[in-house]
1. Taking the residues in region 250-265 that are touching a helix residue (DSSP H, G or I) at 6+ places or on another chain (Cβ under 6 Å) and in a loop (DSSP other than H, G, I, E, B) as candidates, determine which candidate is farthest from Phe180 (Cα to Cα).
2. With respect to Leu136, is the statement that it is in contact with a strand residue (DSSP E or B) (Cβ under 8 Å, 6 or more places away or on another chain), touching a residue at least 60 places away in the same chain (Cβ under 8 Å) and closer than 27 Å to Ile235 by Cβ true?
3. Just one of Lys297, Lys246 is in contact with a His (Cβ under 9 Å, 6 or more places away or on another chain) and surrounded by fewer than 18 Cβ atoms within 10 Å (Cβ to Cβ); which is it?
4. Exactly one condition in (1) buried (at least 18 other Cβ atoms within 10 Å of the Cβ); (2) outside any helix (DSSP H, G or I) is not met by Tyr150; state its number.
5. Does region 266-299 hold any residues that are under 21 Å from Pro191 (Cβ atoms) and in contact with a Gly (Cβ under 9 Å, 6 or more places away or on another chain), and which are they?
6. Restricting attention to region 182-208, report how many residues are hydrophobic (A, V, I, L, M, F, W, C) and within 22 Å of Gly102 (Cβ to Cβ).
7. Restricting to region 244-284, count the residues that are over 19 Å from Val227 (Cα atoms), of a type outside the set (Phe, Trp, Tyr) and over 28 Å from the mean Cα position of the chain (by Cα).
8. On the basis of being surrounded by fewer than 21 Cβ atoms within 10 Å (Cβ to Cβ) and closer than 30 Å to Glu296 by Cβ, does Arg277 make the cut?
Amino acid sequence: MKTSRPDRRRFIISSFFFICFLCALASINEVRFDSLLNFGRCALTKTNSPSQIYNSSSTLIETQKTSSEDEIRVLFGILTLPDQYQRRHFLRLIYGTQNPVGAKVDVKFVFCNLTKEDQKVLVALEIMRYDDIIILDCKENMNKGKTYTYFSSLPEIFNDTDGVYPPYHYVMKADDDAYFRLQSLVDSLKPLPREDLYYGYVIPCPSMDPFVHYMSGMGYLISWDIVEWIRDSDIPKNQLEGPEDKIFGEWIRNGHQAKNRFNAKWSMYNFPEPPTRCTHELWPDTIAVHLLKTQEKWIRTLKYFNVTDNLKPSKLYHIP
């Protein structure tokens, strides 16, 4: 049966509009799909894009950097003699088992040039094993410039154009017969300025004013800018001989240095026996105990502060 011409025309027109409708619908769905795809890509990009990961990493690195910058850096120099092998090994036990929080404390043993063949071998072995010795270019002495050589040599040793500056916020000069509790020392330093600082135990013993005389040689600490001043100034160079702690105080006074001073008395003191005006009993609020001249005094001090409390139990030993 033949289809009439008007019916054919209606069919063609209807088919044309139907096709147009399908095309329009397909276009709309494509737009929606692309939008959805782009949205998904955008969401994934915000979650995992390299730029965002980099930014997060940068923030983490910046946080770690800030934390590292806030950490106190201390060079803890113990002035001793080349032949004091046993004392150094003992002090390595004392300080190697202390892990102060909030600071990087580098303990170094400091003495002058080696003069004996056995020193050259044994000290070299110590350096190879422990890397904690500074050998100054000087003739061994106590009160004829060793302290000056120690401080004035440090900028050349530690200043590094590619490294952090200052290499240390503070530098300590300590005796080898003094016991320092490093966490207590660090805690006392945290609120203090990091420039123009002079810290220690004020002499004379009854005095509490750090601006009158000087800090005891048992252990005193200065900021890095004063270390550099000692290297550059003519005042220390022209006054080397005499009791080293007293002479050091005169350098500071004559050079108008250390507007910031901290008297750590009575957290620093001499061992209670024999009793003097510089001693008192051992007590918990202690930074340093001085004049530990015998093994018995060291043991009494270490027992008082329970330094072996953190000994881990093991089948390898039994210590009652």
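1. Across region 250-265, the extreme among qualifying residues is Gly255.
2. It is false that Leu136 is in contact with a strand residue (DSSP E or B) (Cβ under 8 Å, 6 or more places away or on another chain), touching a residue at least 60 places away in the same chain (Cβ under 8 Å) and closer than 27 Å to Ile235 by Cβ.
3. Lys246
4. (2)
5. Met268, Ile287, Ala288
6. Qualifying residue count for the region: 6.
7. Counting residues in region 244-284 that are over 19 Å from Val227 (Cα atoms), of a type outside the set (Phe, Trp, Tyr) and over 28 Å from the mean Cα position of the chain (by Cα) gives 10.
8. It is true that Arg277 is surrounded by fewer than 21 Cβ atoms within 10 Å (Cβ to Cβ) and closer than 30 Å to Glu296 by Cβ.
The values are calculated or read from the model by the stated rules, or taken from the named source; none is laboratory data. Source: prediction; values computed, not measured. Note: ideal-geometry Cβ built from the backbone for every residue, glycine included; neighbour counts use all protein chains shown.
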